Amino acid sequence: NAGVTQTPKFQVLKTGQSMTLQCAQDMNHNSMYWYRQDPGMGLRLIYYSASEGTTDKGEVPNGYNVSRLNKREFSLRLESAAPSQTSVYFCASSEWYSTQYFGPGTRLTVL
Amino acid sequence: QQQVKQSPQSLIVQKGGISIINCAYENTAFDYFPWYQQFPGKGPALLIAIRPDVSEKKEGRFTISFNKSAKQFSLHIMDSQPGDSATYFCAAGSGGGNKLTFGTGTQLKVEL
């Protein structure tokens, strides 16, 4: 089992460009999450999906959109990237009352 | 607003020593308290977790101590090893633990 996979691993964007970060899990989990990690700020929840067909905002949703494509896949879209969105993005999945499993991350730089 | 406060920001411990990381929370609805370990270039991985019905949980060299009245919990790493050098995050969750609030992280370095 691959667990949680994320693509791409690295990305450099110019201000105003758009992109989609992809995430997939093969553990048949119902819940999926997107976090960003910035130095000194820990992991902050951007959006989550408690189950297929539902999505909810987390702590820092502004500038992002998400799509729960099916039970396996949860994508994060930046419509107009800004330098403040330079970060490491992690996708995670879990079952109810259970461990969140994280992917390897996407390092995004916005110039 | 930071709902989970973690300290210290960084920690250097000698091999064989005890590493202690502390966290404090504000929301009394939290009912799940995991600790995650993260190595450079990797995603966080669950290390150990506790629920508020017990005051301590031990797994190998790792122990969580939990003080419900003080709204504090801590991670103790006994006999610290260089391989324990990593960043550690505490977190707190409620409602099935599906939404976690993370602390800001502690960078641990274990020296020979």
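What are the equivalent ellipsoid semi-axes of the protein assembly as shown, built from the alpha-carbon gyration tensor (square roots of five times its eigenvalues), in whole angstrom, biggest first?
Details: eigenvalues 175, 80, 50 Å².
Listed largest to smallest, the semi-axes of the protein assembly as shown are 30, 20, 16 Å.
Whole percent per 10 Å bin, from 0 to the bin with the longest distance: what is P(r) over all C-alpha pairs of chain A?
16, 51, 29, 4
What is the spin-label model distance, in nm, from B:Glu56 to A:Met41 if the labels are put 7 Å beyond Cα along the C-beta direction?
Calculated label separation equals 3.8 nm.
Over all residues in A:34-41, what is the mean tally of Cβ atoms on other chains that come within 10 Å of each residue's Cβ?
Details: counts 0, 4, 0, 7, 1, 2, 3, 4.
If you average over the peptide's residues, the count of other-chain Cβ atoms is 3.
Output the Cα-based Rg and Dmax of chain B in Å, rounding Rg to one decimal and Dmax to a whole number.
13.3, 42
How large is the translational diffusion coefficient of segment A:48-91 in µm² per second when you combine the Kirkwood radius over alpha carbon pairs with Stokes-Einstein at 4 °C and 1.567 mPa s?
Numbers: Rh = 11.5 Å.
Result for D is 113 µm²/s.
Near the amide H of B:Gly17, under 5 Å away, which other amide H atoms are found, from residues 5 or more places off or on another chain, if H is placed in the peptide plane?
It is B:Ser80, by chain and number.
Over chain A, what relative contact order in percent results from Cα pairs under 8 Å that are six or more residues apart?
The normalised contact order for chain A reaches 36 percent.
Cβ neighbours within 10 Å, averaged per peptide: list A:81-94, B:68-81 in order, most packed at the top. Spell out each step's value before the answer.
Working: A:81-94: 20.0, B:68-81: 16.1.
With the highest mean Cβ count within 10 Å placed first, the list reads A:81-94, B:68-81.
Tell me which residues come under 5 Å, amide H to amide H, from A:Thr86 once H is placed; ignore anything under 5 positions away on its chain.
A:Val110
Quick one: Cα centre-to-centre distance for segment A:73-111 and segment B:67-99, in angstrom?
22 Å
Let me check I've understood the local charge: for A:Gln37, count other residues with C-beta under 12 angstrom from its C-beta, Lys and Arg +1, Asp and Glu -1. What total comes out?
On the way: positive: A:Arg36, A:Arg44, A:Arg107, B:Lys42; negative: A:Asp38.
After counting each charged neighbour, the total is +3.
Pull up the cross-link candidates among the lysines for B:Lys58, meaning alpha carbon to alpha carbon under 23 Å and not fewer than 8 places away within one chain.
The reachable lysines, counting only those whose Cα sits under 23 Å from B:Lys58, are B:Lys5, B:Lys15, B:Lys68, B:Lys71, B:Lys109.
Using a simple charge model, +1 on the beta-carbon of Lys and Arg, -1 on the beta-carbon of Asp and Glu, nothing else, what dipole does chain A show about its Cα centre, in debye to the nearest 20? Intermediate values should be presented prior to the final figure.
Working: 10 positive and 8 negative charges, 55 e Å.
In debye, rounded to 20, chain A gives about 260.
Of the listed peptides A:104-110, A:42-48, what is their order by residue-averaged count of other C-beta atoms within 10 Å, with the highest listed first? If you can, show how the numbers build up before the last one.
On the way: A:104-110: 18.6, A:42-48: 22.6.
Per-residue Cβ counts within 10 Å, averaged per peptide and sorted highest first, yield A:42-48, A:104-110.
Is there a simple number for the mean count of other chain Cβ atoms within 10 Å of the Cβ of residues in A:85-96, and what is it? Numbers along the way, then the final one.
Numbers: counts 0, 0, 0, 2, 0, 4, 1, 3, 0, 6, 3, 4.
Mean inter-chain Cβ contacts per residue within 10 Å come to 2.
Quick check: the distance between the Cα centres of segment B:1-48 and segment A:1-53, to the nearest angstrom?
Computed from Cα coordinates, the inter-centre distance equals 21 Å.
Hey, got the average number of other protein chain Cβ atoms within 10 angstrom for residues in B:85-94? Write out the running numbers ahead of the final one.
On the way: counts 0, 0, 2, 0, 3, 1, 3, 0, 3, 0.
Whole-number average of other-chain Cβ neighbours for B:85-94 is 1.
Against the globular-protein guess of 2.2 N^0.38 Å, express the Cα radius of gyration of segment B:69-112 as a ratio, rounded to two decimals. Please report the intermediate quantities before stating the final value.
Details: Rg = 13.4 Å, N = 44, 2.2 N^0.38 = 9.3 Å.
Here the Cα radius of gyration is 1.44 times the empirical estimate.
Read the figures in this text as sums done on the coordinates, not as results from a lab. Note that the structure is predicted; figures quoted are calculated from it, not measured. Heads up, the Cβs are rebuilt from the backbone with ideal geometry, glycines too, and the neighbour counts pull from every protein chain shown.
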